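Here the structure comes first, spelled out in structure tokens, and everything after it is commentary.
All of the numbers you see were taken from the coordinates with simple rules; none came from a lab. Given the structure is predicted, the values throughout are model-derived calculations rather than measurements. Neighbour counts run over all protein chains shown; Cβ positions are idealised from the backbone, glycine included.
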Amino acid sequence: MDTHMSPRQKLVVVGNGMAGMRTVDELLKRNPLKYDITVFGAEPHVNYDRIMLSSVLAGEKDLEQIVINPRSWYEENGIELITGDAVVSIDTTQRTVTSASGRVVAYDKLLLATGSRPIAPPVPGLDLPGVCAFRDIADVNTMIKASQTHKRAIVIGGGLLGLEAANGLLRRGMQVAVVHLMGTIMERQLDKAAAELLQRELDERGMNFFTNGQTEEIFGEGRVQGVRLADGREIPGDLVVLAIGIRPNIDLAKAAGLTINRGVEVGDDMRTSDPAIFAVGECVEHRGKTYGLVAPLWDMAKVCADHLAREDAVSDYVPAAMATRLKVTGIDVFSAGDFIGDETTEEVVFRDAARNTYKRLVLRDDKLVGAVLYGDAQDGGWYFQLLREGKPLGELRDTLIFGQAFATLASGAPAADPTAAVAALPDTAEICGCNGVCKGKILGAIAEHGLTTLDGVRARTKASASCGSCTPQVEQLLTLALGDGYAAKPAGEKPLCKCTSHSHDQVRQAIVAQELRTMPAVMGALGWTTPDGCHVCRPALNFYLLVAWPGEYVDDQQSRFVNERNHANIQKDGTYSVVPRMWGGLTTADELRAIADVVDKYAIPTVKVTGGQRIDLLGVTREQLPHVWKDLNDAGMVSGHAYGKALRTVKTCVGSEWCRFGTQDSTGMGVKLERMTWGSWHAHKVKLAVSGCPRNCAEATIKDFGVVAVDSGWELHVGGNGGIHVRATDLLCKVTTEEEVLEYCGAYLQLYREEARYLERTAPWLERVGLAHVKARIVDDEAGRKALHAKFLYAQKFSQDDPWAERAPGKAAAAPFRTLATVE
Amino acid sequence: MDNVGIESRWVEVGAVDDIPRQGARVVATPRGDVAVFRTLDDAVFALDDRCPHKGGPLSQGTVHGHAVTCPLHNWVIELDSGTARDPDEGCVNRIPVRVQDGRILLAMVA
Ligand SMILES: Cc1cc2nc3c(=O)[nH]c(=O)nc-3n(C[C@H](O)[C@H](O)[C@H](O)COP(=O)(O)OP(=O)(O)OC[C@H]3O[C@@H](n4cnc5c(N)ncnc54)[C@H](O)[C@@H]3O)c2cc1C
Ligand code: HEM
Ligand code: SF4
Ligand code: FES
């Protein structure tokens, strides 16, 4: 071994990013003793997963979760890490580098991994506060901060990066405009048809697109105020994110006299024009090509590590086809290879308008050379594998477009086995594109380390640890390896609770499919591991059974959370609050007098007007509850269900009856809605509101179902909520009559009852199933809507009993509120 | 710690059927409220009605197996020992219970 006798050589790495540290990682695997390693990083951080900045921005991950190598990794491997100090010059004759702070470090081998820089458009205003790029942690912090204090964002650039930035800002509650130079978005990754589908879906989520938009000026005084386009359009905004592309970061190499073109030129062995200097990552140019995705960087890292480890290494970097996915939760887009094609190619296109999916495969000489998938990108990995193998398709060709499951089926493999598809892959098939992990490696790690969980596989192999889109395949591999030992979960869904391995959706389906009508039946049929569940599963099962078998299933009080069992909100001192229903926020002198009398009689300490337009009596003891309710009942008031996963309130404005702007009777509409919906149980709380004109005083656009009156009728808005993550509603449709408002509302709530997982509010449910799905069921399908509405009304027959009246003092149901005995 | 053996007496507080299965009722005592639980398999347990966490009324919690989940922050307390289940730590006073002919007797300190 060449290191045995000789002293260690010095390796200096410039750039503490993804390519640089992967190369060091690969080098340590090959030869951990050859070098003393020093790493310079311009950013003040350890090495992190840049890809995941999109998830951090979208609020799906925090910064700790995206660290790749913590400081301890550098220490354990004897690497000197210098962060926040950029290398500013290289002396190739003395073989030293000098940093911004004046540090001089000698090297035997130098590795450049300086990545790339965001391209800045040649327009005035780039220096204004509120203008940033999307490249590093500092940029993400700028954006998150802006989202907390400002409302409108403009993203310049409608490529992969720009759309992920726009999505993140949207998720953080900003209004987002996307300016794109071309006529369709993501033109480098998608064909026109897929791009249009994507744009429509993002548009529905609230992004405003300005295509064919050439930015001429970013303007503002003191802070950015907006963007002006060449055609005169002006877009106001308090944050401008530049995402028009990247350019290799070559300044250092250029000053050192290395051969450069667009990037730092490297040979197949990743060596630059100076044999002591290597380069990897986005800063390089290899055979005229530069790179902007991580997969090729991993190949470069391996080749470079080979040559750093052994002078006589022979491995060569060979560029491979690349695939991209957009990391926007709930949107599945995939493209790979040459997806545009030319006169020598043929294409196969498949559209399923009902499922909003689109597939396009490009073939040349009986081989797959490109693919674009929209709406269902499950088969992306399989197509990518075929593409990289480049084998003639033969018979597969006819059924190729239907995907792997179908092809496997056609080849006679057992159909029902969902893991058959992944079982059929060769060991060399790449499963995780981000980290270049193949099937054989994952199965090997499972066997060698006895892995049983997704997290275990992630920790050992890095598969599924970056963008996460290969998670289903990794889970299928776990199932393949462990059989029943691994509880497969569709789409990354977790078990309902510790008592079961089944997910919410599986339990719901089983209740209906197997006609399970009681809680013991569900637990028995699905193999619960506890005799009577726990506080997590019992309320969920109770809800699912109520929705599945209205009028038949007997609501199990002991499976209800305290507030729903006691029909009042428990407070931190164990007392309760009582909220009587005020229909549409209306009350009367008699009701107010009765409330005042109750407050005096029971010495209720606090009376509060709620945000839901009614009155909250706080500090009532358990024993007082039935008495307080009786007095309120006697004055004509009923429970407001302010405590339940149920319909809470219907907030209204005064509307046309009094307001000079009002276009319709919003109060009357609200009362009718509340009369129809009160007492209904849901997966979570549900709030409604009706405003009498677009001034929207009742804040209907942050409600689960909001109605805004306009001259010609009513706008119906869905899926909003207040709370920590405020979400404004999406427009469902416009209707004309009050009857229609009631019908659409009932149908929508029933759909939510039938589809949402317990404790999932309408907003996340809507984001999960997609507005298009809800529109298809509620707006487009008239018969379906009427059927849902009818189901809602049928269930209401059994739930519109006032729980207070049922628990009046003296009735059996009031017993639990009484003290059983008093011991002197 | 059980109180029996110090200076205690058995006091009848009601019938098993007064408590719903998977439920609890409250008995007021000079030392504060006591929660008397009845599980699905008709076992009866009694604990001080104060969660070791922040004093939540355990009687209003969800009873499952031989445990109760506190209504305030979901600590799970074992009914037979009064100890909090992992990862939480704490213990609530347990009161000895006897069931005779469907009547519930609690051991009360004299
Ligand atoms: C938001 C976002 C999302 C992305 N999503 C994906 C995706 O889904 N899939 C995908 O394949 N790719 C994605 N990419 C691209 C991917 O992150 C890059 O291809 C990859 O990070 C490039 O690695 P690198 O090491 O070449 O550069 P970097 O990771 O940028 O590392 C270069 C480092 O060198 C430092 N540096 C530069 N000059 C100096 C100097 N003179 N001295 C010291 N340090 C210096 C820089 O500060 C930086 O930390 C994404 C990128 C971004 C920004
Ligand atoms: C156990 C926890 C909670 C209790 C007991 C509670 C209770 C209440 C009550 C009693 C009201 C008055 C509503 C009415 O008149 O019916 C109310 C209103 C409200 N709550 Fe909560 N709440 C809880 C948690 C939350 C959470 C987590 C959020 C945010 C996600 C939230 C957001 C709101 C909002 C926005 C209103 C005003 C509603 C409106 O204007 O219509 N609450 N809450
Ligand atoms: S929403 Fe319109 S109609 Fe209703 S109170 Fe406000 S201004 Fe008046
Ligand atoms: S008081 Fe019981 S869990 Fe907090």
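Tabulated data for the structure shown
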{"quantity": "Local net charge near B:VAL13, Cβ-Cβ under 15 Å (Lys/Arg +1, Asp/Glu -1)", "calculated": "-1"}
{"quantity": "Sequence-separation-based contact order of chain A, relative, with Cα cut under 8 Å and 6+ spacing, percent", "calculated": "7"}
{"quantity": "Nearest 10 degrees, 0 to 90: helix A:439-449 Cα axis against chain A principal axis", "calculated": "80"}
{"quantity": "Charge dipole (segment A:244-339, unit charges on Cβ, about Cα centre) - positive-most of A:VAL333, A:ALA320, A:ALA309", "calculated": "A:VAL333"}
{"quantity": "A:VAL266, B:VAL97, A:VAL241, B:VAL16 arranged by Cβ crowding within 10 Å, fewest neighbours leading", "calculated": "B:VAL16, B:VAL97, A:VAL266, A:VAL241"}
{"quantity": "Percentage, to the nearest whole number, of Cα pairs in segment A:666-824 over 22 Å apart", "calculated": "45"}
{"quantity": "Order of A:ARG8, A:ARG152, A:ARG614 - criterion: other Cβ atoms within 10 Å of each residue's Cβ, fewest first", "calculated": "A:ARG8, A:ARG152, A:ARG614"}
{"quantity": "Tail beyond 14 Å, pair distance distribution of segment A:504-560 (Cα, percent)", "calculated": "46"}
{"quantity": "Within segment A:99-120, backbone nitrogen closer than 12 Å to the virtual label 7 Å beyond the Cα of A:ASP85 toward Cβ", "calculated": "A:99-106"}
{"quantity": "Relative contact order (percent, whole number), segment B:16-110, Cα cutoff 8 Å, 6+ residue spacing", "calculated": "21"}
{"quantity": "Of A:LYS145/A:LYS734; A:LYS498/A:LYS811; A:LYS359/A:LYS734; A:LYS703/A:LYS791; A:LYS367/A:LYS775, those spanning more than 29 Å from alpha-carbon to alpha-carbon", "calculated": "A:LYS145/A:LYS734; A:LYS498/A:LYS811; A:LYS359/A:LYS734; A:LYS367/A:LYS775"}
{"quantity": "Dipole magnitude of segment A:504-560 about its Cα centre (Cβ charges: Lys, Arg +1; Asp, Glu -1), debye to nearest 20", "calculated": "80"}
{"quantity": "Fewest-first sequence of A:ARG71, A:ARG135 by Cβ atoms within 10 Å of each Cβ", "calculated": "A:ARG71, A:ARG135"}
{"quantity": "Volume per residue that the Cα convex hull of segment A:131-244 spans, once the total is divided by residue count, Å³", "calculated": "88"}
{"quantity": "Top positive-direction residue, dipole computed over segment A:706-824 with Cβ charges, set A:TYR744, A:VAL769, A:PRO816", "calculated": "A:PRO816"}
{"quantity": "Hits among aspartates and glutamates - C-alpha to C-alpha of A:LYS327 under 12 Å, sequence gap 8 or more where chains match", "calculated": "A:GLU60, A:GLU164"}
{"quantity": "Dipole axis of chain A (+1 Lys, Arg; -1 Asp, Glu on Cβ), positive-most option in A:SER116, A:HIS535, A:LEU161", "calculated": "A:HIS535"}
{"quantity": "Cα-based helix-to-principal-axis angle, A:625-634 vs chain A, degrees rounded to 10", "calculated": "60"}
{"quantity": "Net dipole in debye of segment B:20-95 [+1 Lys, Arg Cβ; -1 Asp, Glu Cβ; about Cα centre; nearest 20]", "calculated": "260"}
{"quantity": "All lysines inside 20 Å of A:LYS494 as judged from Cα atoms, apart from same-chain residues fewer than 8 positions distant", "calculated": "A:LYS61"}
{"quantity": "Sum of -39500 (n - 2.57) over DSSP H runs of 4+, divided by residues of chain A (222 nm, nearest 500)", "calculated": "-9000 deg cm²/dmol"}
{"quantity": "Antiparallel %, DSSP beta bridges [both residues in segment A:131-244], to 5", "calculated": "30"}
{"quantity": "Max mean-square fluctuation residue, GNM over chain B, Cα-Cα springs under 10 Å, options B:PRO52, B:PRO20, B:PRO30", "calculated": "B:PRO30"}
{"quantity": "Rounded to the nearest 20 debye, dipole of chain A from Cβ charges on Lys, Arg, Asp, Glu", "calculated": "1400"}
{"quantity": "Nearest 10 degrees, 0 to 90: helix A:782-799 Cα axis against chain A principal axis", "calculated": "50"}
{"quantity": "Once the Cα gyration tensor of the protein assembly as shown is diagonalised, semi-axes √(5λ) in Å", "calculated": "57, 36, 29"}
{"quantity": "Charge sum, other residues only, whose C-beta stays under 15 Å from A:ALA787's C-beta, Lys/Arg counted +1 and Asp/Glu -1", "calculated": "-1"}
